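The values are calculated or read from the model by the stated rules, or taken from the named source; none is laboratory data. In this text the structure is predicted, and so the values were computed from the model without any measurement. Backbone-built Cβ (ideal geometry, glycine too); neighbour counts: all protein chains shown. Note: areas computed on protein heavy atoms with side chains; ligands, DNA, RNA excluded. Shrake-Rupley method; radii C 1.70, N 1.55, O 1.52, S 1.80 Å.
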Amino acid sequence: MKESIKQELTLKVKGKISFEEPLKKHTSFQVGGAAEVFIIPQDVADLQQLMGYLNKTGINQTVIGNGTNLLISDQGISGVVIKLVGGIDEIEIKGQRLIAGGGASLPVVAKQAAEAGLSGLEFASGLPATVGGATVMNAGLKSLNDMSRIIDKVRVVSSTGKLQVFDSDECSFGYRQSRFQRDDSIIVGVEMELKPKDKEEIEAKMKELITNRKENQPLKVPNAGCIFKNPVSDSAGRLIDEAGGKGMQIGGAEVSDKHANFIINKGNATAQDILDLIIEVENLVKEKYGLELEREVQILSG
Ligand code: EPU
């Protein structure tokens with residue numbers, strides 16, 4: 001990117017801007033190269049202006065949430081990487097409606113809903129995503145709920161900087177899917193409709209889910225949650241485990257022996273180690289069951 005454009009961006013952006021920002025600081029895997037330019041917009045208007053400018057100048061933009069479901073290549077990302085955490089992350093409760101910024105922390109949103117005696121977000125306790133990231137992925141827990149079932153409206157800033165609002169039924173939600181995976185718009189706000197329920201009951205459910213995760217998942221070591229989506233009526237973790245995948249290792253990346261749908265960074269993994277291991281696990285399951293696992297983790301490069 002030309003120096004003159006970097007200077008122009010520095011003048012235009014009201015939020016935070018840095019150059020050659022190490023993205024390993026922004027992902028739970030703790031791997032990945034640098035962002036050529038890294039921006040945390042101050043508010044929605046700041047983001048709108050930025051998107052308009054990037055669109056006009058043809059500069060590549062990439063959005064990251066909390067980086068908890070993300071594998072960023074060792075070569076890093078050229079152009080501008082945008083993060084909403086620390087900028088567009090307000091939370092507001094009005095009656096049964098909860099309105100949150102795209103960068104708001106999902107567990108914090110779930111906790112505030114519980115405190116207000118509002119049910120629907122129990123599944124999100126211990127799911128370390130942003131509201132925007134969880135909406136793009138339609139994150140959820142099969143047995144309980146997912147984002148699509150509590151979302152009423154989604155506000156986005158389009159690639160040209162326009163503010164748009166989508167009703168839930170316009171979002172093409174499916175299992176870990178939404179229309180927002182296929183376009184360049186950025187989710188800046190989500191309006192949810194929750195149901196009143198006894199606060200103690202909500203909190204007990206949330207506690208149970210967190211305890212379950214702590215017992216069954218390798219949460220103390222760098223990871224990116226489940227690597228693969230579950231095949232219909234089965235668990236990718238169970239399949240990988242049964243195929244003998246636990247403990248498979250490439251460089252510093254290892255298939256967790258606590259839960260086989262997790263890959264852990266043992267401290268010195270590169271993004272390439274992790275990607276190679278993902279491919280090896282895919283091949284193992286393909287050979288054993290003739291089944292193609294679908295990736296849940298988002299892989300970013302370029
Ligand atoms: N199992 C094994 N070996 C393993 C892992 C699991 O045999 O290594 C068995 C378990 O014993 C259990 C079954 O497989 O009988 C299901 O396991 P689990 O309850 O852990 O559920 P899962 O389907 O593997 C899903 C979500 C997780 C979520 C848990 C909560 C997906 C892809 N996975 O996992 O979500 O935390 O339920 O129970 O939807 C994520 O989205 O990042 C994630 C980790």
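Need the full-extension length gain, Asn212 to Asp184, defined as separation in residues times 0.36 nm minus the C-alpha distance. One decimal, nm. Provide the component values of the computation, followed by the final result.
Numbers: separation 28, 0.36 × 28 = 10.08 nm, distance 3.56 nm.
Contour length minus the Cα-Cα distance gives 6.5 nm.
To the nearest 10 square angstrom, what accessible area does Leu11 show with a 1.4 Å probe?
Result for Leu11: roughly 150 Å² accessible.
With labels modelled as points extended 7 Å from the Cα through the Cβ direction, what inter-label distance (nm, one decimal) is found for Ile5 paired with Lys246?
In this crude spin-label approximation the distance works out to 4.9 nm.
Could you work out Rg/(2.2 N^0.38 Å) for the chain, with Rg from alpha carbons only? Present the calculation step by step, with values, prior to reporting the outcome.
Details: Rg = 19.5 Å, N = 302, 2.2 N^0.38 = 19.3 Å.
Scaled against compact globular proteins, the figure is 1.01.
Rounded to the nearest 20 debye, what is the charge dipole size of the chain about its Cα centre when +1 sits on each Lys and Arg Cβ and -1 on each Asp and Glu Cβ? Spell out each step's value before the answer.
Values: 36 positive and 41 negative charges, 77 e Å.
So the dipole magnitude of the chain works out to roughly 380 debye.
Relative to the Cα centre, what is the charge dipole magnitude of segment 1-68, using +1 at the beta carbon of each Lys and Arg, -1 at the beta carbon of each Asp and Glu, and rounding to the nearest 20 debye? Walk me through the intermediate numbers first.
Working: 8 positive and 7 negative charges, 3 e Å.
So the dipole magnitude of segment 1-68 works out to roughly 20 debye.
Whole Å is fine, so just give me how far the alpha carbon centre of segment 228-266 lies from that of segment 67-90.
So the separation of the two Cα centres works out to 25 Å.
Per residue, how many Å² of accessible area does the chain show with a 1.4 Å probe? List each step's numbers first, then the result.
Numbers: 13940 Å² over 302 residues.
Ligands and nucleic acids excluded, the result is 46 Å² per residue.
Please give the contour-minus-distance gain from Lys288 to Asn55: 0.36 nm per residue of separation, less the Cα-Cα distance, rounded to one decimal in nm.
Numbers: separation 233, 0.36 × 233 = 83.88 nm, distance 4.63 nm.
The Lys288-Asn55 span can extend by a further 79.2 nm.
Output wanted: per-residue J couplings in Hz (rounded whole) for segment 134-148, from phi through Karplus 6.51 cos²θ - 1.76 cosθ + 1.60, θ = phi - 60°, x for Gly and Pro.
Per-residue couplings from phi come out as 5, 6, 4, 8, 6, 4, x, 10, 2, 6, 10, 6, 9, 4, 4 Hz.
Net charge within 14 Å of Lys162 by Cβ-Cβ distance, Lys/Arg positive one each and Asp/Glu negative one each, not counting Lys162 itself? It would help to have the intermediate numbers written out before the result.
Details: positive: Lys56, Arg155; negative: Asp183, Asp184.
Surrounding charge for Lys162 is 0.
Note down the magnitude of the dipole of segment 156-271 about its Cα centre, charges +1 on Lys and Arg C-beta and -1 on Asp and Glu C-beta and zero elsewhere, to the nearest 20 debye. All intermediate terms of the calculation are to be shown ahead of the outcome.
Working: 17 positive and 18 negative charges, 84 e Å.
The calculated dipole for segment 156-271 is roughly 400 debye.
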